[in-house]
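The values are calculated or read from the model by the stated rules, or taken from the named source; none is laboratory data. It should be emphasised that the depicted structure is a prediction, and the values quoted were computed from it without experimental measurement. Cβ sites come from the backbone with ideal geometry, for glycine too, and all protein chains shown count toward neighbours.
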Amino acid sequence: MRNCFFLIIILLGVLTVKAQHNIIPAPVSFQNTNGMFMLDNQTSVDLRTNNPALRKMAENFQMFLKNAGTNINFKSVPNPDRSNKAIILDLLKTKDVTIGDEGYLLEVNENTIEILANTNSGIFNGLQTLRQMLPRDFESKDHPMGIGMVMGCKIKDYPRFGWRGLMFDVSRHFFTVDEVKSYIDKMAQYKFNVFHWHLTDDEGWRIEIKSLPKLTEIGAWRVERYGRFGDTRPQPKEGEKATYGGFYTQEQIKDVVKYAAERNITIVPEIDIPGHSMAALAAYPELSTLKKPTSVNPGAKFAEWFANGTFEMLIENTLNPSDEKVYDFVNKVMTEVAALFPGQYIHMGGDESYHGFWERDASVKEFMKKNNIKDTHELQSYFVKRVEKIVSSKGKKLIGWDEILEGGLAPGAAVMSWRGMKGGIEAAKMGVPVVMTPTTYAYIDYTQGDKSVENPIYADLSLEKTFEFEPVPEGVDAKYILGGQANLWTEVVPSLQFAFYMTYPRAFSTIETLWSPKEAKNWNGFVNRTEAHFYRFDAAKTNISRAVYEPIVKVKKDLGKITVELTNNVPNTEIYYSIDNTYPVNYSKKYTSAFEVQDGNLNLRAQTFRNGQSLGRELIIPFTELAKRAK
Ligand code: ACM
């Protein structure tokens, strides 16, 4: 009886271990089945339909397996021999309405892995799930074994939202075509389907417009500067050569569009107007009110920011909405942009456009009077409506940041809510389609760990906070919420590897929110799976932040005493610390409750551990800094 009891316990343990998967985003339904599939050189990728786009996706997957050291063949086999060991890909003859346009059915047995879907997108997403079920060494280019087990299972999976985006700013830092493709590759592996490409800003115009050659001859280049963006970087000197930058030719853009499409990703190009246009104005100063020659900003101070969130531009970076030449310019740009990007949306920016130069300009004032425009908000609205007409005349839909709501929205436009959720709520209540991307949950340019170990920027956003994102606010009809996205601005992101560090794992939260069922959302399950992906990123030699492990330091001052609280939100971990500057900390004090630190010039040192192994970085924070934080 006693033995029987232990056997049951062991079996239950095995089943529990077997039942776990590490798929991100979590699938809608996952059922463990008996048997394992051994992926080895006898396995082939069998495509059962004659569909060139799907064939490309299948071949790309086969290439991934080959790069991982396998010698797996690709076959196009309309009538396969079932006794073959194969990864079978097929479109459903009778559509399964429950999985929609991007869902899939995946079944792993001893002899076959089968992925079925209504569409190519569904098959692609199923392949990404399969990829995540392979051993992590498959992510390594020098995987030595070339074989791997996949656990038996049955999956039915489909997304909660149709817009699952990441925005990448290539203006503040220029990223090459290969780097952009790497960024797209990674997001496709996690079932993102929108790449919002922020192509223009004050610090560089990155897309070739053949009818306006100066945009890239002049606007794509700036003087090279180091130092803090918007703060300590010196302004360009008179006559100084602009050597930093770059742009994408139209041929390169077409190549990236095709590359993304093969990975189920639609590109939404952003041309940020009327504000954020210093690079365009460096090329064509006549489009501003002052018409003063300027240069592309190298990240030198360009504005004064005030505590109430308002700002004053020190350099004009806004197109002049009262000048017909500006609309000729917009028309030329949008004609070429529309021809390059097959997706339905073009993003016009519209954010943070400073009205001060408009307010001071006599011809703008006269224009407003003549056209019965009562203030500059209405003038911005006039501009947005003109741009919407241009964009829709090219067969495209307009989307913009939530400022495009000011003064009345153009009919047919969609809104991207970034200043919290309120713009999105307001728009959805008017029946306008919305993409939610609020700073509070989706701004992945903000720091994610303790400021003592991060590259500083003006705000922070932990992995935990990104996980709290819910795109459909109470009282809003979900049908107007297209989905959401996370945004990576690159003022302080100078390299692709750092872009990955900033994006992941926070983008895992975003995609779990946008893909997986709301009711199944669970932090502990999510963070467990996230830990497995840390190792997949390591195998791929791709940066990912482990800041979630690190102690969260809360400092309080009470009756003159400074006390420190250390927590984290990863299960089965413990924090050790010292307050006498000594290392190692793991044999120092195990944190159990808040402790006092005395004035002095020593450091708090703290780190997280699991079973004696350190996790994340050690924090070293001077007491003087703790005292500052306590205020
Ligand atoms: C924005 O962050 N200015 C859209």
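Give the residue that is nearest to Phe175 (Cα to Cα), with candidates limited to residues of the stretch 271-282 that are in a loop (DSSP other than H, G, I, E, B) and over 22 Å from the mean Cα position of the chain (by Cα).
The extreme case among them is Ser277.
Determine whether Ile481 is aliphatic (A, V, I, L, M) and at pLDDT below 95.
Numbers: aliphatic (A, V, I, L, M): yes; at pLDDT below 95: no.
So Ile481 does not fit the description; no.
Six or more apart or on different chains, Cβ atoms under 8 Å: show the pairs whose first residue is in the stretch 62-81 and at pLDDT 80 or above and whose second is among the charged types (D, E, K, R).
Listed by first residue and then by second, the contacts come to Phe64/Arg131; Asn67/Lys141; Ala68/Asp137; Ala68/Glu139; Ala68/Lys141; Gly69/Asp142; Thr70/Asp40; Ile72/Lys66.
Which one of the conditions (1) more than 27 Å from the chain's Cα centre (by Cα); (2) within 16 Å of the ligand (Cβ to nearest atom) does Val268 fail to meet, given that it meets all the rest?
(1)
Residues Phe467, Phe498: which one is more than 24 Å from His173 (Cα to Cα) and of a type outside the set (Val, Ile, Thr)?
On the way: Phe498 fails: more than 24 Å from His173 (Cα to Cα).
Exactly one residue qualifies, and that residue is Phe467.
Residue check, Lys556 against (1) in a strand (DSSP E or B); (2) crowded, with 19+ Cβ neighbours inside 10 Å; (3) touching a residue at least 60 places away in the same chain (Cβ under 8 Å), all met but one. Which one?
Failed condition: (2).
Identify the residue in the stretch 473-492 that is touching a Pro at 6+ places or on another chain (Cβ under 9 Å) and either polar (S, T, N, Q) or in contact (Cβ under 8 Å) with a residue 24 or more places away in the chain (or both) and, among all such residues, is farthest from Gly431 (Cα to Cα).
Step by step, filter the stretch 473-492, then rank; the result is Val492.
Scan the stretch 406-429 residue by residue and report those that are under 27 Å from Val326 (Cβ atoms) and away from the ligand (no atom under 13 Å from the Cβ). Spell out the reasoning first.
So in the stretch 406-429, the residues under 27 Å from Val326 (Cβ atoms) come out as 406-419, 423, 427.
Residues satisfying the conditions are Glu406, Gly407, Gly408, Leu409, Ala410, Pro411, Gly412, Ala413, Ala414, Ala427.
Evaluate the stretch 166-180: report whether one residue or more is part of a helix (DSSP H, G or I), buried (at least 20 other Cβ atoms within 10 Å of the Cβ) and touching a residue at least 24 places away in the same chain (Cβ under 8 Å).
Filtering the stretch 166-180 for residues part of a helix (DSSP H, G or I) gives 177-180.
Right, trim to buried (at least 20 other Cβ atoms within 10 Å of the Cβ) and you get 180.
Those still in the list that are touching a residue at least 24 places away in the same chain (Cβ under 8 Å) too: 180.
Yes: the stretch 166-180 contains one or more residues that are part of a helix (DSSP H, G or I), buried (at least 20 other Cβ atoms within 10 Å of the Cβ) and touching a residue at least 24 places away in the same chain (Cβ under 8 Å).
Please determine, by comparing only the residues of the stretch 225-256 that are outside any strand (DSSP E or B) and touching a Gly at 6+ places or on another chain (Cβ under 7 Å), which one is surrounded by the most Cβ atoms within 10 Å (Cβ to Cβ).
Applying the first criterion (outside any strand (DSSP E or B)) to the stretch 225-256 yields 225-243, 246-247, 249-256.
Restricting the remaining residues to those that are touching a Gly at 6+ places or on another chain (Cβ under 7 Å) gives 225, 229-230, 233.
Values: Arg225: 17, Phe229: 23, Gly230: 18, Arg233: 18.
Among those that are outside any strand (DSSP E or B) and touching a Gly at 6+ places or on another chain (Cβ under 7 Å), it is Phe229.
What number of residues in the stretch 283-314 are touching a residue at least 24 places away in the same chain (Cβ under 8 Å) and either at positive phi or not in a loop (DSSP other than H, G, I, E, B) (or both)? Break it down stepwise before answering.
Residues of the stretch 283-314 touching a residue at least 24 places away in the same chain (Cβ under 8 Å): 283-284, 286-290, 292, 295-303, 311-313.
Applying the additional criterion that residues be either at positive phi or not in a loop (DSSP other than H, G, I, E, B) (or both) yields 283, 286-287, 299, 303, 311-313.
The total comes to 8.
Checking the conditions here, which among Tyr549, Tyr591, Tyr577 is in contact with a Gly (Cβ under 6 Å, 6 or more places away or on another chain) and at pLDDT 95 or above?
Working: Tyr591 fails: in contact with a Gly (Cβ under 6 Å, 6 or more places away or on another chain); Tyr577 fails: in contact with a Gly (Cβ under 6 Å, 6 or more places away or on another chain).
Just one listed residue meets the conditions, Tyr549.
Scan (1) buried (at least 24 other Cβ atoms within 10 Å of the Cβ); (2) more than 21 Å from Ala260 (Cβ to Cβ); (3) touching a helix residue (DSSP H, G or I) at 6+ places or on another chain (Cβ under 7 Å) for the single condition Lys210 breaks and write down its number.
Every listed condition holds for Lys210 apart from (1).
For the stretch 433-472, name all the residues that are of a type in the set (S, T, N, Q), in contact (Cβ under 8 Å) with a residue 60 or more places away in the chain and within 16 Å of the ligand (Cβ to nearest atom). Don't jump to the end; show me each part of the working.
Restricting attention to the stretch 433-472, the residues satisfying the condition of being of a type in the set (S, T, N, Q) are 437, 439-440, 447-448, 452, 455, 462, 466.
Applying the additional criterion that residues be in contact (Cβ under 8 Å) with a residue 60 or more places away in the chain yields 437, 448, 452, 462.
Within the stretch 433-472, Thr437 is the sole residue that qualifies.
Would you confirm, using the coordinates I've provided, whether Ile209 is assigned to a loop (DSSP other than H, G, I, E, B), under 27 Å from the mean Cα position of the chain (by Cα) and β-branched (Val, Ile, Thr)?
Numbers: assigned to a loop (DSSP other than H, G, I, E, B): yes; under 27 Å from the mean Cα position of the chain (by Cα): yes; β-branched (Val, Ile, Thr): yes.
The answer is yes for Ile209.
Identify all residues within the stretch 395-405 that are within 14 Å of the ligand (Cβ to nearest atom) and either on the phi > 0 side of the Ramachandran plot or not in a helix (DSSP H, G or I) (or both); write none if there are none.
Going through the stretch 395-405, the residues within 14 Å of the ligand (Cβ to nearest atom) turn out to be 399-405.
The answer is Ile399, Gly400, Trp401.
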